[in-house]
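Since every read-out is calculated from the coordinates, none of them should be taken as a lab result. Everything numeric here is computed off the predicted structure, so don't read it as measured data. With ideal geometry, Cβ positions are generated from the backbone for all residues, glycine too; neighbour counts draw on all protein chains shown.
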Amino acid sequence: MLKPIYVLNGPNLNRLGLREPDIYGRTTLAEIETLCRQAAGARPVEFRQTNSETQMIDWIHEATDQDRAGGIVINPAAYSFTSIAILDALKMFAGPIIELHISNIHRREAIYQHSLMSRAATAVIAGLGARGYVAAVQAMIEIIERDPTGAAALQGEALR
Ligand code: CA2
């Protein structure tokens, strides 16, 4: 049975496509979900968005318990810069984690430049717009399928 990829989205990303298209583009989160499912093919995708830190942590625990998820793609949005609690939850997940940002956070104001999450991430994608989700899902499948019995073994050597 193919394990699902969890694609988790943090606060305000439900507004994508409606505001600030110069930074975040015009693609809505519903359209991104469709792109992720297409990119995943037969592999199931748990695509979710929350404005709650607690909910995000609970979903990471769900993905972690019984090694339920094959991998996590996460756009933690503003929690990237504030949430040690989400970082701690991600550290408990044994499989690969791709941290994703639509914009290139490194070109933005200083408060957006240092993501706490990157300490737990196998890889980071930033600045590819909505297309970054497709790249993340494709890369995640490649990582998982290289080591179907234990994706944890790939931590630190993903895609080399
Ligand atoms: O570029 C990204 O994906 C971000 O994670 C988005 C976060 C921002 O805090 C990060 O620095 C980078 C903010 C998401 C806010 O979502 C909006 C959606 C529509 C319009 C305005 C904001």
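Under a Gaussian network description of the chain, with springs only between Cα atoms under 10 Å, the residue in Asp147, Asp22, Asp58 that fluctuates furthest is Asp22. Can you check what the net charge comes to around Val45, using other residues whose Cβ is under 12 Å from the Cβ of Val45 (Lys, Arg +1; Asp, Glu -1)? Once all neighbours under 12 Å are counted, the net charge is +2.
Counting neighbouring beta carbons within 10 Å and listing from fewest to most, the residues Thr34, Thr122 come out as Thr34, Thr122.
Mark the label point 7 Å from the Cα of Thr28 along Cα→Cβ and return the residues of region 104-132 whose backbone N is within less than 18 Å of it. Output list for this probe position: 130-131. With bins 10 Å wide beginning at 0, the percent of Cα pairs of the chain falling in each bin runs 11, 45, 36, 8, 0.
Considering only Leu18, Leu87, Leu116, the Gaussian network model of the chain with Cα springs below 10 Å gives its largest mean-square fluctuation to Leu18. Helix content alone sets the calculated 222 nm mean residue ellipticity of the chain: runs of n ≥ 4 DSSP H residues at -39500 (n - 2.57) each, divided across all residues, give -10000 deg cm²/dmol. Charge tally around Thr64: other residues with Cβ under 14 Å, Lys/Arg +1 each, Asp/Glu -1 each, net -3.
Ranked by how many other Cβ atoms sit within 10 Å of their own Cβ, fewest first, the residues Tyr6, Tyr24, Tyr112, Tyr79 fall in the order Tyr112, Tyr24, Tyr79, Tyr6. Taken one residue at a time, the phi angles of region 24-41 give Karplus couplings (6.51, -1.76, 1.60, θ = phi - 60°) of 10, x, 10, 7, 7, 5, 5, 5, 5, 4, 4, 4, 5, 5, 4, 5, 7, x Hz. Gly and Pro are set to x. Counting charges near Ala130 (Lys, Arg +1; Asp, Glu -1) among other residues having Cβ under 10 Å from its Cβ returns a value of +1.
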